[in-house]
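Engineer: There's a structure below that I have some questions on.
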């Protein structure tokens with residue numbers, strides 16, 4: 001109800017108030033000779049009551065005053081004066097006015113209570129989200145910090161000497177922990193960039209094949225036990241996208257695949273488009289560019305697929321690690337470039353992320369022979 | 001190698017200064033430090049260091065301004081330190097005369113490599129007429145490129161691009177700089193040419209064009225040619 005109210009602008013509310021009272025009154029005017037003026041009074045009261053469900057308090061009071069005046073002026077004898085000849089009629093008018101007023105005030109109160117409830121609900125949801133963030137964040141940040149502090153303590157303790165080999169192992173753990181910290185801070189920064197709306201994509205010509213291999217090179221440690229296949233073709237055109245955002249998108253998706261599929265799993269990255277080799281560049285025409293990242297892991301639980309792009313959402317039975325930010329960053333960065341990202345389970349097992357863009361597209365053949 | 005070069009570090013973070021002091025001195029560089037722009041500028045004037053490491057986020061002055069003022073008279077290499085995802089800042093700093101950049105957090109091995117490259121480049125301004133790297137040799141005088149001792153056919157544009165790369169070994173070159181140098185001023189934002197020709201050049205000189213060893217992408221900034 002309150003949404004209907006919000007949609008009707010205040011100026012229109014006055015108009016509605018005058019029009020409805022006016023319409024009902026003029027209809028009654030034709031039947032004035034056959035109809036008791038008390039009936040007209042009740043009818044107008046009904047109009048005011050119905051209006052009280054939609055209108056703000058001032059337009060509603062206007063309708064009440066207007067109804068009282070019309071009733072008196074047009075329907076209570078003597079006609080066309082505001083004079084009232086008997087006490088019964090004055091009482092009727094006063095009652096009419098009071099009922100309209102009570103109606104108006106009550107509805108107004110109910111609406112206010114509704115609004116407060118809504119604000120409370122939003123606040124509770126925000127708190128829930130905030131707590132979820134704190135939970136996963138403090139875990140995600142504290143684990144590597146504990147590792148670093150602990151490892152350094154052990155190395156520094158002189159009373160219990162440790163072997164060179166163990167020292168090396170601890171150094172390796174410190175390195176891993178700091179990389180993990182850096183990764184999480186990076187995610188948080190990206191998230192806050194998205195939240196504050198400061199992302200303005202810098203659209204520029206991208207060689208997606210180069211970009212994909214560049215990302216894979218950054219992830220080679222995480223992918224050493226996976227089979228990665230890149231499917232592009234020799235005539236892959238250039239697409240106008242944001243190189244940095246695309247890098248982060250592909251990085252997060254491939255990184256995810258590497259973390260949540262078993263050793264030996266296959267990750268396939270494919271770029272498809274539908275322009276042919278000889279097409280000419282048109283600066284006013286965009287073409288589809290579709291990137292899929294598929295794996296043959298266990299896939300996602302069907303009932304959670306819709307939620308995986310939500311901020312801080314983590315799968316019910318996922319292993320520790322991860323803040324639930326990676327995929328929501330993917331979604332944000334894809335949408336910043338007016339694209340869409342979807343997730344499906346594949347019939348043959350595993351899952352596939354599909355990125356769909358509509359971008360300017362340029363055939364590389366026409367510039368390659370200079 | 002004689003590492004006795006003098007390096008000035010301008011950074012307001014005490015932990016970074018400590019880390020650099022230990023790292024640089026254990027690699028036999030003579031180091032000294034400034035904690036803000038004012039001190040930095042006067043120390044460069046007084047000590048004439050062989051190289052400056054400049055943090056762009058200083059408390060008293062915009063790092064870009066410091067860079068510009070230094071470049072009015074200081075000729076030796078300047079390496080800037082900056083936070084990540086600030087590609088525009090990096091490109092601006094390179095345009096303002098920085099020789100190289102590193103994003104925090106950085107690995108010290110990477111920093112040392114960049115320092116070596118910068119010092120080497122400033123020492124040998126005159127290049128040999130024949131440059132060799134991996135299986136490739138380039139005769140800059142006769143414009144002949146060989147791959148495994150066999151003549152490699154390059155288009156004029158490919159050759160021009162390659163020769164700019166090899167003459168700036170180890171340096172990061174911005175997209176704009178490369179486009180202007182190879183194609184001309186009016187091509188400064190026509191990045192499609194660069195994308196296509198870098199891909200083509202990689203196919204001709206890299207062993208695995210998808211994992212390039214020589215022409216490295218510096219995302220959002222440009223390319224770095226690396227033979228080291």
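Engineer: How about the range B:177-188: which of its residues are free of Cβ contacts under 8 Å to residues at least 40 places away in the same chain and either part of a helix (DSSP H, G or I) or touching a strand residue (DSSP E or B) at 6+ places or on another chain (Cβ under 6 Å) (or both)? Working first, answer last.
Structural biologist: Initial filter on the range B:177-188 (free of Cβ contacts under 8 Å to residues at least 40 places away in the same chain): B:179-188.
Correct list: B:179, B:180, B:181, B:182, B:185, B:186, B:187.
Engineer: Would you mention how many residues in the range A:52-74 are crowded, with 17+ Cβ neighbours inside 10 Å and either farther than 11 Å from residue A:103 by Cβ or at pLDDT below 85 (or both)?
Structural biologist: Residues of the range A:52-74 crowded, with 17+ Cβ neighbours inside 10 Å: A:52, A:54-56, A:59-64, A:66-68, A:70-72.
Imposing the further condition that a residue be either farther than 11 Å from residue A:103 by Cβ or at pLDDT below 85 (or both) reduces the set to A:52, A:54-56, A:59-62, A:64, A:66-68, A:70-72.
Of the residues in the range A:52-74, 15 are crowded, with 17+ Cβ neighbours inside 10 Å and either farther than 11 Å from residue A:103 by Cβ or at pLDDT below 85 (or both).
Engineer: Somewhere in the range A:80-103, is a residue within 40 Å of the chain's Cα centre (by Cα) and either part of a helix (DSSP H, G or I) or within 21 Å of residue A:9 (Cβ to Cβ) (or both)? Break it down into steps so the answer makes sense when it comes.
Structural biologist: We begin by selecting, within the range A:80-103, every residue within 40 Å of the chain's Cα centre (by Cα); these are A:103.
Right, trim to either part of a helix (DSSP H, G or I) or within 21 Å of residue A:9 (Cβ to Cβ) (or both) and you get A:103.
Yes, there is a match, as at least one residue in the range A:80-103 is within 40 Å of the chain's Cα centre (by Cα) and either part of a helix (DSSP H, G or I) or within 21 Å of residue A:9 (Cβ to Cβ) (or both).
Engineer: Could we say that residue A:116 is part of a helix (DSSP H, G or I) and assigned by TED's automatic domain parsing to the domain that holds residue A:60 here?
Structural biologist: So residue A:116 passes the test.
Engineer: Can you list residue pairs whose Cβ atoms sit under 9 Å apart, with the first residue in the range A:37-62 being in the same structural domain as residue A:93 (by TED's automatic domain parsing) and outside any helix (DSSP H, G or I) and the second being at pLDDT 85 or above and buried (at least 23 other Cβ atoms within 10 Å of the Cβ)? Count only pairs 6 or more apart in sequence or on different chains.
Structural biologist: Taking only residues 6 or more apart or on different chains, the pairs are A:55/A:17; A:55/A:63.
Engineer: Could I ask something else about it? Identify all residues within the range B:79-114 that are assigned to a helix (DSSP H, G or I) and either farther than 13 Å from residue B:172 by Cβ or in the same structural domain as residue B:174 (by TED's automatic domain parsing) (or both); write none if there are none.
Structural biologist: B:88, B:89, B:92, B:108, B:109, B:111, B:112
Engineer: Of the residues A:103, A:72, A:86, which is in the same structural domain as residue A:17 (by TED's automatic domain parsing) and free of Cβ contacts under 8 Å to residues at least 12 places away in the same chain? Break it down into steps so the answer makes sense when it comes.
Structural biologist: Working: A:103 fails: free of Cβ contacts under 8 Å to residues at least 12 places away in the same chain; A:72 fails: free of Cβ contacts under 8 Å to residues at least 12 places away in the same chain.
Step by step, each of A:103, A:72, A:86 is checked, and only A:86 is in the same structural domain as residue A:17 (by TED's automatic domain parsing) and free of Cβ contacts under 8 Å to residues at least 12 places away in the same chain.
Here is a yes/no grid of residues against (1) part of a helix (DSSP H, G or I); (2) buried (at least 17 other Cβ atoms within 10 Å of the Cβ):
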residue	(1), (2)
B:42	yes, no
B:46	yes, no
B:76	no, yes
B:121	yes, yes
B:138	no, yes
B:142	no, no
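Engineer: Shifting gears a bit: Test residue B:107 against the criterion of being at pLDDT 90 or above and surrounded by fewer than 13 Cβ atoms within 10 Å (Cβ to Cβ), and give yes or no.
Structural biologist: Working: at pLDDT 90 or above: yes; surrounded by fewer than 13 Cβ atoms within 10 Å (Cβ to Cβ): yes.
When the stated conditions are applied, residue B:107 passes them.
Engineer: A further question on this structure: Quickly run through the range B:168-177 and pick out the residues that are on the phi < 0 side of the Ramachandran plot and more than 14 Å from chain A (Cβ to nearest Cβ).
Structural biologist: B:168, B:169, B:171, B:172, B:173, B:177
Engineer: Answer yes or no: is there a residue in the range B:189-200 that is more than 10 Å from every other protein chain (Cβ to nearest Cβ) and either out of contact with any strand residue (DSSP E or B) (no Cβ under 9 Å at 6 or more places or on another chain) or at pLDDT 90 or above (or both). Reasoning before the result, please.
Structural biologist: First pass over the range B:189-200, keeping only residues more than 10 Å from every other protein chain (Cβ to nearest Cβ): none.
No, because not a single residue in the range B:189-200 is more than 10 Å from every other protein chain (Cβ to nearest Cβ) and either out of contact with any strand residue (DSSP E or B) (no Cβ under 9 Å at 6 or more places or on another chain) or at pLDDT 90 or above (or both).
Engineer: Give the residues of the range B:13-36 that are out of contact with any strand residue (DSSP E or B) (no Cβ under 7 Å at 6 or more places or on another chain) and surrounded by 13 or more Cβ atoms within 10 Å (Cβ to Cβ), sorted by residue number.
Structural biologist: Step one: of the range B:13-36, the residues out of contact with any strand residue (DSSP E or B) (no Cβ under 7 Å at 6 or more places or on another chain) are B:13-16, B:18-19, B:22-23, B:26-28, B:35-36.
Selection gives B:13, B:16, B:19, B:23, B:27, B:35, B:36.
Engineer: Consider the range A:214-239. How many of its residues are within 30 Å of residue A:279 (Cα to Cα) and more than 9 Å from chain B (Cβ to nearest Cβ)?
Structural biologist: Number satisfying all stated conditions: 10.
Engineer: Then there's this: Can you tell me which of B:193, B:223, B:159 is part of a strand (DSSP E or B) and within 23 Å of residue A:363 (Cα to Cα)?
Structural biologist: Values: B:193 fails: part of a strand (DSSP E or B); B:159 fails: part of a strand (DSSP E or B).
After ruling out the rest, the residue left standing is B:223.
Engineer: Can you confirm whether residue A:30 is without any contact (Cβ under 8 Å) to a residue 60 or more places away in the chain, over 54 Å from the mean Cα position of the chain (by Cα), assigned by TED's automatic domain parsing to the domain that holds residue A:112 and surrounded by fewer than 14 Cβ atoms within 10 Å (Cβ to Cβ)? I'd like the intermediate steps shown before the answer.
Structural biologist: Numbers: without any contact (Cβ under 8 Å) to a residue 60 or more places away in the chain: yes; over 54 Å from the mean Cα position of the chain (by Cα): yes; assigned by TED's automatic domain parsing to the domain that holds residue A:112: yes; surrounded by fewer than 14 Cβ atoms within 10 Å (Cβ to Cβ): yes.
Judged against the criteria, residue A:30 is a match.
Engineer: Let me ask you something else. Go through the residues of the range A:189-203 one by one and say whether even a single one is away from chain B (no Cβ under 11 Å) and buried (at least 18 other Cβ atoms within 10 Å of the Cβ).
Structural biologist: yes
Engineer: Ok, one more. Which of the following residues is in the same structural domain as residue B:93 (by TED's automatic domain parsing) and either without any contact (Cβ under 8 Å) to a residue 60 or more places away in the chain or under 15 Å from the mean Cα position of the chain (by Cα) (or both): B:174, B:117?
Structural biologist: Details: B:174 fails: in the same structural domain as residue B:93 (by TED's automatic domain parsing).
Being in the same structural domain as residue B:93 (by TED's automatic domain parsing) and either without any contact (Cβ under 8 Å) to a residue 60 or more places away in the chain or under 15 Å from the mean Cα position of the chain (by Cα) (or both) holds for just one of B:174, B:117, which is B:117.
Engineer: Taking the range A:149-175, which residues are outside any helix (DSSP H, G or I) and loosely packed, with under 10 Cβ neighbours inside 10 Å?
Structural biologist: Residues of the range A:149-175 outside any helix (DSSP H, G or I): A:157-163.
Passing the criteria: A:158, A:159, A:160, A:161, A:163.
The values are calculated or read from the model by the stated rules, or taken from the named source; none is laboratory data. All of these numbers come straight from a predicted model, not from anything done at the bench. Counting neighbours? That spans all protein chains shown, and the Cβs are built from the backbone with ideal geometry, glycine included.
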